[in-house]
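Student: One structure coming up, written as structure tokens, with questions to follow.
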Amino acid sequence: MLSNSFATVALALGSNLGDREQLLKQAVEQLERAVGRIVAISTFIPTAPFGFSSPHPFLNGALIIKTSLTATELLYETQRIEQHLGRTRKHRPHEAYQDRPIDIDILLYNNACISIEGNNALTIPHPEMHKRLFVLEPLCSICPLTIHPILKKTIQQLTRQLNNSLSNE
């Protein structure tokens, strides 16, 4: 069911199997067709696998999209697109990360804090986004002044903070 207004949504994209750039471009095209109007898109940046070891590096990016879909409908569409592009199953919180042809994560949905339990659990803002440079850097390039609704810091501040903590390790 469509809502009467448009939400501004931030999505993270990643791929480390197959033709990564082509898969990301296909995901963007399908998101624009099925979800809404893309208003900003980052460049795709190469990154090392996070949370697991793999010989396959990632390409990561972010985009901002205007949608009339609810958060639940958006989750359904992103998962459908992932499956269409070869993703067999989504990582669950208690499972190890693995290589994947495509990953689409919902980072932000308006200024909302959303928590949906069950088989298709969803937490917005993405609970790990502030700990992942491969998410923050592309996002910062397209919406640096967007404020994280829980942490009350801009994406730019979160990126700097994480960069500083990683350089001090």
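The values are calculated or read from the model by the stated rules, or taken from the named source; none is laboratory data. Note that this is a predicted model, so its numbers are computed, not measured. In this analysis, Cβ positions are derived from the backbone assuming ideal geometry, glycine residues included, and neighbour counts consider all displayed protein chains. Surface accessibility is based on the protein's heavy atoms, side chains included, excluding ligands, DNA and RNA. Shrake-Rupley method; radii C 1.70, N 1.55, O 1.52, S 1.80 Å.
Student: Sort 158-166, 126-134 by packing, meaning the average of other beta carbons within 10 Å per residue, with the highest value first.
Tutor: Ranking, from highest mean packing down: 126-134, 158-166.
Student: Per residue, how much accessible area does the range 1-66 show when a 1.4 Å probe rolls over the protein heavy atoms, in square angstrom? Could the numbers behind the result be given before it?
Tutor: Numbers: 3420 Å² over 66 residues.
Per-residue value: 52 Å².
Student: Running a GNM on the chain with Cα contacts under 10 Å, which residue among ASN16, ASN120, ASN110 ends up with the highest mean-square fluctuation?
Tutor: In this elastic network of the chain, the residue with the biggest mean-square fluctuation among ASN16, ASN120, ASN110 is ASN120.
Student: Which percent of the accessible area of the chain is formed by carbon and sulfur heavy atoms (probe 1.4 angstrom)? Walk me through the intermediate numbers first.
Tutor: Numbers: 4800 of 9110 Å².
About 53 percent, which is the carbon plus sulfur part of the accessible surface.
Student: Right, something else. So what is the calculated 222 nm ellipticity per residue for the chain, using -39500 (n - 2.57) for each DSSP H run with n of 4 or more, over all residues, to the nearest 500 deg cm²/dmol?
Tutor: -10000 deg cm²/dmol
Student: Counting other Cβ atoms within 10 Å, keep those with at most 14, restrict to DSSP loop, and tell me which GluC sites (Glu not before Pro) in the range 20-101 are left.
Tutor: Those satisfying the criteria are GLU95.
Student: How charged is the neighbourhood of ALA62? Take every other residue with its Cβ under 13 Å from the Cβ of ALA62, and add Lys/Arg as +1 and Asp/Glu as -1. Write down the numbers at each step before the final one.
Tutor: Working: positive: ARG132; negative: ASP103, ASP105, GLU137.
Cβ neighbours under 13 Å give a net charge of -2.
Student: Right, another one. So for the range 68-169, considering every pair of alpha-carbon atoms, how many percent are separated by more than 18 Å?
Tutor: 54
Student: Connecting C-alpha atoms closer than 10 Å in a GNM of the chain, tell me which of ALA62, ALA112, ALA12 has the biggest fluctuation.
Tutor: Result for the chain, Cα springs under 10 Å: ALA112 fluctuates most.
Student: For the range 84-165, report the accessible area per residue in Å² (1.4 Å probe, heavy atoms, rounded to an integer). If you can, show how the numbers build up before the last one.
Tutor: Numbers: 4540 Å² over 82 residues.
I get 55 Å² per residue for the range 84-165.
Student: Now for a separate question. Could you tell me the relative contact order of the range 68-153? Use alpha-carbon pairs under 8 Å, at least six residues apart, and round to a whole percent.
Tutor: That works out to 21 percent.
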